[in-house]
Amino acid sequence: MSLYIRNYKETDETEWLQCRVLSFLDTAYFDNVLRVKEKYKNSAVELVAVADKQIVGLIDVECVSQTGAVCSNLESGFGGAIWNLAVHPDFRRKGIATQLLCEAEKRVRKLGITYLEAWTRDDDWVNKWYLKNNFKAMISYLHVFLETSAEIKKAISTSVQYLQPIQAFAHYTGPGKEKVVSEYNRVHECYCYQKELL
């Protein structure tokens with residue numbers, strides 16, 4: 001397989017979106033579908049991995065020159081937030097994500113970034129990949145999906161006549177996560193990983 005990594009171009013958008021959707025389908029982010037690629041307020045490193053004239057992987061890192069502007073500010077210095085990192089399922093286990101990360105790290109260092117931050121849900125294989133690539137788990141909270149009428153009634157009330165919520169998404173940041181996990185059908189732990197760039 002001939003693989004090369006290059007800068008993302010606007011003409012890549014449709015193929016980028018397709019790669020991201022297919023990459024997320026068998027993960028806890030299966031319904032996190034984008035219809036357009038994000039544009040970043042700060043400078044960003046946006047790369048794609050290409051094999052056989054096809055985008056097979058991607059990484060976006062938004063860089064900040066002001067502490068706390070994008071990242072959680074759990075470390076001192078200027079951070080880069082990994083907003084998207086994905087590899088097409090037909091091209092997994094070939095080191096593509098690691099190659100994308102390494103190239104992104106080289107580029108963000110030149111912009112003065114001293115650490116990377118990434119958030120991900122509780123897919124075991126994804127969390128192991130971050131740990132293998134020298135990220136440290138820092139904090140976590142819960143992503144809670146309210147999908148049944150009973151779950152909605154328990155958590156949400158509205159004062160708007162005739163408005164009936166049928167789905168909701170919430171963050172739970174408090175203690176006693178086990179109770180929340182036991183009361184709602186779809187709950188994911190969301191982890192913050194950070195990596196120092198020395």
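Quick notes
- For the residues GLU62, GLU10, the requirement of being farther than 27 Å from GLU147 by Cα, out of contact with any Asp or Glu (no Cβ under 8 Å at 6 or more places or on another chain) and surrounded by 21 or more Cβ atoms within 10 Å (Cβ to Cβ) singles out GLU62.
- Residue within the stretch 123-132 that is within 23 Å of TRP16 (Cβ to Cβ) and without any contact (Cβ under 8 Å) to a residue 24 or more places away in the chain present: yes
- Here the stretch 16-47 is the region considered, the condition is being β-branched (Val, Ile, Thr) and out of contact with any Cys (no Cβ under 8 Å at 6 or more places or on another chain), and the residue that is surrounded by the fewest Cβ atoms within 10 Å (Cβ to Cβ) is VAL36.
- Members of the stretch 181-197 found to be farther than 17 Å from GLN167 by Cα, part of a strand (DSSP E or B) and not hydrophobic (A, V, I, L, M, F, W, C), listed by number: GLU189, TYR191, TYR193, GLN194, LYS195, GLU196
- ILE96 without any contact (Cβ under 8 Å) to a residue 24 or more places away in the chain and open to solvent by less than 70 Å² (accessible area, probe 1.4 Å): no
- In the stretch 125-162, the qualifying residues are those that are assigned to a loop (DSSP other than H, G, I, E, B) and of a type in the set (S, T, N, Q), and the one that is least open to solvent (accessible area, probe 1.4 Å) is ASN133.
- Residues satisfying the stated conditions in the stretch 99-117, i.e. assigned to a loop (DSSP other than H, G, I, E, B) and either over 16 Å from ASN7 (Cα atoms) or open to solvent by less than 10 Å² (accessible area, probe 1.4 Å) (or both): GLY112, ILE113, THR114
- Looking only at the stretch 20-42, and only at residues there that are more than 14 Å from the chain's Cα centre (by Cα) and hydrophobic (A, V, I, L, M, F, W, C), the one that is farthest from LEU142 (Cα to Cα): VAL36
- When the stretch 1-45 is filtered for residues that are over 27 Å from LYS106 (Cα atoms) and of a type in the set (Lys, Arg), only ARG35 remains.
- Only a single criterion out of (1) under 25 Å from CYS63 (Cα atoms); (2) among the charged types (D, E, K, R); (3) touching a Leu at 6+ places or on another chain (Cβ under 8 Å) is not satisfied by LYS177, namely (1).
The values are calculated or read from the model by the stated rules, or taken from the named source; none is laboratory data. Note that this is a predicted model, so its numbers are computed, not measured. Note that each Cβ is placed from the backbone with ideal geometry, even for glycine, and that neighbours are counted across all protein chains shown. Keep in mind that these areas ignore ligands, DNA and RNA; they rest on the heavy atoms of the full protein, side chains included. Shrake-Rupley method; radii C 1.70, N 1.55, O 1.52, S 1.80 Å.
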